[in-house]
């Protein structure tokens, strides 16, 4: 590229790209073809995503501004400029969430005989019931905190919902300010009202009122003898990022435990959300009391803390939800289920161990379409019980709270096997859960390690060492998703179950690298970050570039969560300029401009958003017709390529390669649920073809044949 464009014309800002992604999530809440309770779920996910964005990304930018850092991002923006852009982009989206999404959802719920009331909408009987509920179930646990010369402004915890009120003493006319924290942890956000309190003839399935309205309309009970002048709702978001030095394992655990205590309290305020009709005198007191600047203030027209709407999903109204999905057991694993052997569904002579099946051929499992319980959990469960299994090694990044995997590892240790678990203590917002599991595993005899100093271990790998005919054979799983039964039901992820000797040897050496006993620099088949992954991906792209330059067909297809890395983006631009056809399926952040004249005319980008979170990563290269395809845990981001331990594995089996190619075809050809990225960086929802199903529904059909 002789006349290289300015950075702002080469790269999209990652923070703004992330907001674009979250806006696509909100679009599913706006879409009236989405089942009603699922619309609520997507609205809640949008808000929860945004909370984490402020706690981590916005907090980081604010810290840079406060430290006087003016270094520009790859797209040429200073931290201050990014914060201003984030605010200006978010304000209209937040208005859309309140005006178009929540207002319409409430109206549609009424049609389904589900009522979410404001206090003013209650009839006399309902008000009496609600007020009594306040006196008996809420009032005893509230603690109003006054602010005066002897009572400094109280600390307001992260993501807490609060009422600020101004009260007046009728005798002295003295005005006081008080804060009441809404008890979100001990009580539900919505107080269900008995259905028999409605007007005669009015059919009601469910009715409720937000708890903050119950509190707000009973303030006189909290402040007897005082006049309630004004009140308003507010919510605070604080810096929740844990900054940790490179520490040894024991120090790391204690440092993270200490950091978690600080996070629960929260760091500096990065966002103050208030009701849009908040009285100015209350707003001034809040801003002064917490040191909140105007740029950190967000006035919300309606419901604060919309992430808590997710509780409404528990309503028993299946007609307002997606049709219930039940995954299936992988065709090749149906005869290998220990549970079916124990209950007599499979005769002893028909049962085949999972190891005998994997030994014969590689298997590709695709969650949530394939059951996690009958594939990955079964793999570890059988390893724990099999007397021939000598050892089990696993990496654990995010694990469910009632994990069958953890239980199997403990049983394996109790059965005398050598068990090693690498527990990543720095998995953001799962640190506490992982610390508890690490302690439990250690107590039960599992050898627990915490990875390589300075790197986060993000790879998803499990290795089983089994003695067979006086030799040791390795069996393994390499996946794109966590060993987490809960997320496996809602995230699309891929995993390879295999006994390929060369990859097995690579994994043995990778685990040695992770435990700190080697400085492995080369692997036979695996692409491993931070050692060989970046170089390997760049070589694969360069090979397609050279093929195109030599007049040969050249094509790249890739599916991932995010594309942010500038070096990879530049290589893709170069590949496009020489004629390599590039098709990218990117759920979240994409900092590359596609289909831009003179830069990326041969690059197509789509994003797929649906009932399942698209989480699998697939990398496919034409290679002159002898295609190479890989799956693994890494996105094309600096952190994945340079600052994390990741593993990406080749898929050599022709049948499995065809399965992955079929998946890519579905994602790239089905419009329903897909968004196309335009040359200006904006995403446009593709028009659904006649009688077309979402790509996820089509994949469901394939697996249910």
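Of note:
- Distance in nm between pseudo-label sites at residue 643 and residue 171 (7 Å out along the Cβ direction from Cα): 6.0 nm
- Global geometry of the stretch 528-703, whether rounded, prolate or oblate, following the gyration tensor of its Cα atoms and the 1.5 cut on a/c: rounded
- Centre-to-centre, using Cα atoms only, the stretch 132-154 and the stretch 193-208 are separated by 31 Å.
- For the chain, the longest principal axis of the Cα atoms and the long axis of helix 566-577 meet at an angle of about 60 degrees.
- Taking the DSSP bridge list for the stretch 528-703 and keeping only pairs wholly inside it, about 60 percent are antiparallel.
- Computed from the C-beta positions of residue 539 and residue 669 and an R0 of 35 Å, the FRET efficiency is 0.75 to the nearest 0.05.
- Extended-chain gain in nm, criterion 0.36 nm per residue less alpha-carbon gap, residue 192 and residue 601: 141.7 nm
- Estimated distance in nm for a label pair at residue 87 and residue 100, the labels positioned 7 Å out from Cα along Cα-to-Cβ: 2.4 nm
- Cα pair distances in the stretch 1-97, grouped into 10 Å bins until the bin that holds the longest one, percent each: 15, 39, 27, 15, 4, 0
- Simple spin-label estimate for residue 60 and residue 570 gives 2.1 nm between the two label positions (7 Å along the Cα-to-Cβ direction from each Cα).
- Taking 0.36 nm per residue of sequence separation and removing the Cα-Cα distance, the residue 661/residue 32 pair yields an extension gain of 223.2 nm.
- Taking every DSSP beta bridge that has both ends in the chain, the antiparallel portion is near 70%.
- For peptides 434-446, 315-327, sequence by mean Cβ density within 10 Å, most packed first: 434-446, 315-327
- Förster-model FRET efficiency, 60 Å R0, residue 359 and residue 680, C-beta, rounded to 0.05: 0.70
- Computed on the chain, with alpha-carbon pairs under 8 angstrom and 6+ residues apart, the relative contact order is 11 percent.
- Helix 404-414 vs. the chain, principal-axis angle (Cα, 0 to 90°, nearest 10): 60 degrees
- Computed [θ] at 222 nm, helices only, for the chain once each DSSP H run of length n ≥ 4 contributes -39500 (n - 2.57): -10500 deg cm²/dmol
- Cβ-Cβ FRET estimate between residue 323 and residue 691, R0 fixed at 22 Å, reported to 0.05: 0.80
- Between helix 654-669 and the chain there is an angle of about 40 degrees, using the helix long axis and the longest principal axis of the Cα atoms.
- When the Cα gyration tensor is reduced to axis lengths a ≥ b ≥ c, the ratio a/c is 1.5 or higher for the stretch 7-320, and with a/b not above b/c it is classed as oblate.
- Global geometry of the stretch 43-134, whether rounded, prolate or oblate, following the gyration tensor of its Cα atoms and the 1.5 cut on a/c: prolate
- Fully extended contour minus Cα-Cα distance, from residue 153 to residue 486, at 0.36 nm per residue: 115.8 nm
Since every read-out is calculated from the coordinates, none of them should be taken as a lab result. The shown structure was predicted, so the numbers you read here are calculated from the model rather than taken from an experiment. Heads up, the Cβs are rebuilt from the backbone with ideal geometry, glycines too, and the neighbour counts pull from every protein chain shown.
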